[in-house]
Every structure is written in structure tokens, then in C-alpha cells.
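Below is one structure, written out as C-alpha cells, with a few remarks after it.
Laboratory data are not the source of any read-out in this text; all were calculated from the coordinates shown. Computed from a prediction, not measured in an experiment: that's the story for all the values here.
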Amino acid sequence: MRTCVGCRVRAADSELLRVVLVGGDVVPDPRRRMPGRGAWLHPDERCLAKAEKRRAFPRALRAGGAVGVDALRAVLAGGADTGGGIGAGSSRAVEGNRKQVDPS
Ligand SMILES: [Zn+2]
């Protein structure tokens, strides 16, 4: 379990997006492989807004100053493919919704 830096709700790793600090910017790390300190956030603009308001990123990422979130916001706003893992449960299959085919 991880805690979202925006809404402070605990959630499973798979429900949160890992972000890291790269050159003063907060960027998504969907593969969770980037080095350095990471923070966890729901892939949701509202949580991003909350995190910004609370200055959660500089604190969580030990930035020691303001950080840029434009890249991250663009990803969340665009609903862009973050590389897998996030929202894996959203690809709902339409099983059981098949129409019975009349063989005649
Ligand atoms: Zn959240």
C-alpha cells in the first residue's frame, strides 16, 4: 500500500502513479524503474491539484524548492497512456453483453 501525496488516501501500488523528480520537474514513472526518490499519486488531476496546494511534491521528493508539474499535468489531463499499469482495471470487457444470435 502507498499513500497518494494529493488526497492522502492509501491505495494499492497499482492504483497510484509513481512520479520522480527529473531536473526540477515532476514526471511520471509508470514503469517505476527510475532512480531516486519517488512519490505516489492517483493519476487524477484533482489529486495533482491537492498535492500542489499542499506543496507535497517538494517535500516528498526532497526537492528543496519549487518543482514543475506541467509535464505531469499534461499527462493526467490528456489521459495519455502512461505506459501500462495505471488504470489496468479500466479496460472493462463487455463479457455477458453479447447478443444471442438467432441461427435462422
Ligand atoms: Zn489521490
Q. Based on the Cα atoms of the stretch 2-83, what semi-axes does the equivalent ellipsoid have, where each is the square root of 5 times one gyration tensor eigenvalue, given in whole Å with the largest first?
A. 16, 14, 13
Q. Amide H to amide H, which residues 5 or more places from Cys7 or on other chains are under 5 Å from it, using H placed in the peptide plane?
A. His42
Q) Counting alpha carbon pairs within less than 8 Å and at least 6 residues apart, what relative contact order, in whole percent, applies to the stretch 2-83? A) 33
